[in-house]
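Peer 1: Have a look at this one before I ask anything.
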Amino acid sequence: MPRTGINEKKEAARLIDAVKARAEGFKRPVNIMEICGTHTMDISRYGLRRLLPKNINLISGPGCPVCVCPIEEIDRAVEISMMPGVITATFGDMMRVPGTRETLNSAKMKGADIRVVYSPEDAVDMAAQNPEKKVVFLGIGFETTAPAVAVTVRDAKKKGIKNFFVLPMFKTVIPPMEALLSDEALKLDGFIAPGHVSAIIGAKPYEYLTEKYKKPCVITGFEALD
């Protein structure tokens, strides 16, 4: 576990003991899904699975918008990138996601002008520097990413940049959560919801799921004690 203060270690031990005490009363294993990839990484980083009792299972959900990107969206992005006069701007983790026949990386090797950026603002700057080209930014992400891209589109319009485009590939967390709950074979007992997404959408969207499926959902941050 990463370095923490003495008080944090004591609190962590207290919480683990409390979880173990509660788990002793379970009549069957409990399956809890974290739906955010950052939670999945932090659970592994802090070794939480090893600390929890054996009858509590943490299951990794569809927490990466790139991982749940449909093949047809990759195909569309590849097709656009191969068009003459187009610069495709994308986050690096999209480069190797397979479409039907190509990845963005293989399209780049065939001559497509595909460039990795670290923010949508980088793509706007690219459009300003290449007025003779159409710069298409691949808008991938959950609710946390969409507002930033929307602001970028607004700012590009204010600056009079007319060659900046966005291919929207955004995802929302609630529909996949409901799809998972609808599959009785998965036997999910609850969700751990991401704090950053929830800061944008609030708690109300989760209430529909908890009321319909009678499954709890807890919003939390990304530290060990959370």
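Peer 1: Which of the helices (runs of 4 or more DSSP H) contained wholly in the stretch 27-145 include at least 2 residues that are farther than 30 Å from CYS217 by Cα? I'd like the intermediate steps shown before the answer.
Peer 2: On the way: elements: 37-45, 48-51, 71-81, 104-109, 120-129.
Once the helices (runs of 4 or more DSSP H) in the stretch 27-145 are filtered for at least 2 residues that are farther than 30 Å from CYS217 by Cα, what remains is 71-81, 104-109, 120-129.
Peer 1: Here's something else I'd like to know. Restricting to the stretch 170-194, count the residues that are surrounded by 15 or more Cβ atoms within 10 Å (Cβ to Cβ), within 19 Å of the chain's Cα centre (by Cα) and either assigned to a helix (DSSP H, G or I) or among the acidic types (Asp, Glu) (or both).
Peer 2: Result for the stretch 170-194: 5.
Peer 1: Could you check, for the stretch 149-160, whether at least one of its residues is in contact with a Cys (Cβ under 9 Å, 6 or more places away or on another chain) and over 23 Å from ASP93 (Cα atoms)?
Peer 2: Taking the stretch 149-160 as the starting set, the residues that turn out to be in contact with a Cys (Cβ under 9 Å, 6 or more places away or on another chain) are none.
No, the stretch 149-160 contains no residue that is in contact with a Cys (Cβ under 9 Å, 6 or more places away or on another chain) and over 23 Å from ASP93 (Cα atoms).
Peer 1: Among the candidates PHE191, PHE164, which residue alone is closer than 24 Å to THR40 by Cβ and of a type in the set (Phe, Trp, Tyr)? Give the steps one after another, and end with the answer.
Peer 2: Working: PHE164 fails: closer than 24 Å to THR40 by Cβ.
Matching residue, one of PHE191, PHE164: PHE191.
Peer 1: Then there is this: When you check LYS134 against the structure, is it more than 30 Å from ILE43 (Cα to Cα), of a type in the set (Lys, Arg) and buried (at least 16 other Cβ atoms within 10 Å of the Cβ), yes or no? Don't jump to the end; show me each part of the working.
Peer 2: Details: more than 30 Å from ILE43 (Cα to Cα): yes; of a type in the set (Lys, Arg): yes; buried (at least 16 other Cβ atoms within 10 Å of the Cβ): yes.
For LYS134, the condition - more than 30 Å from ILE43 (Cα to Cα), of a type in the set (Lys, Arg) and buried (at least 16 other Cβ atoms within 10 Å of the Cβ) - is met.
Peer 1: Return yes or no: is ALA127 crowded, with 17+ Cβ neighbours inside 10 Å, in contact (Cβ under 8 Å) with a residue 24 or more places away in the chain and of a type outside the set (S, T, N, Q)?
Peer 2: In short, yes.
Peer 1: Does PHE164 count as over 25 Å from VAL19 (Cβ atoms), aromatic (Phe, Trp, Tyr) and touching a helix residue (DSSP H, G or I) at 6+ places or on another chain (Cβ under 7 Å)? Walk me through it before giving the result.
Peer 2: Working: over 25 Å from VAL19 (Cβ atoms): yes; aromatic (Phe, Trp, Tyr): yes; touching a helix residue (DSSP H, G or I) at 6+ places or on another chain (Cβ under 7 Å): yes.
It is true that PHE164 is over 25 Å from VAL19 (Cβ atoms), aromatic (Phe, Trp, Tyr) and touching a helix residue (DSSP H, G or I) at 6+ places or on another chain (Cβ under 7 Å).
Peer 1: Still on this structure, I have one more. Taking the stretch 1-26 as the search range and keeping residues that are closer than 19 Å to PHE222 by Cβ and charged (D, E, K, R), which one is modelled with the lowest pLDDT?
Peer 2: ARG3
Peer 1: Looking only at residues that are crowded, with 18+ Cβ neighbours inside 10 Å and small (Gly, Ala, Ser) in the stretch 39-94, which one is nearest to the chain's Cα centre (by Cα)?
Peer 2: Going through the qualifying residues, I end up with GLY63.
Peer 1: Restricting the stretch 130-141 to residues that are touching a residue at least 40 places away in the same chain (Cβ under 8 Å) and closer than 15 Å to ASP93 by Cβ, which is nearest to the chain's Cα centre (by Cα)?
Peer 2: Going residue by residue through the stretch 130-141, those that are touching a residue at least 40 places away in the same chain (Cβ under 8 Å) are 130, 132-138, 140-141.
Those left that are additionally closer than 15 Å to ASP93 by Cβ: 137-138, 140-141.
Details: PHE137: 18, LEU138: 15, ILE140: 9, GLY141: 6 Å.
Checking each candidate, the answer is GLY141.
The values are calculated or read from the model by the stated rules, or taken from the named source; none is laboratory data. None of the values given here were measured: they were computed from a predicted structure. Heads up, the Cβs are rebuilt from the backbone with ideal geometry, glycines too, and the neighbour counts pull from every protein chain shown.
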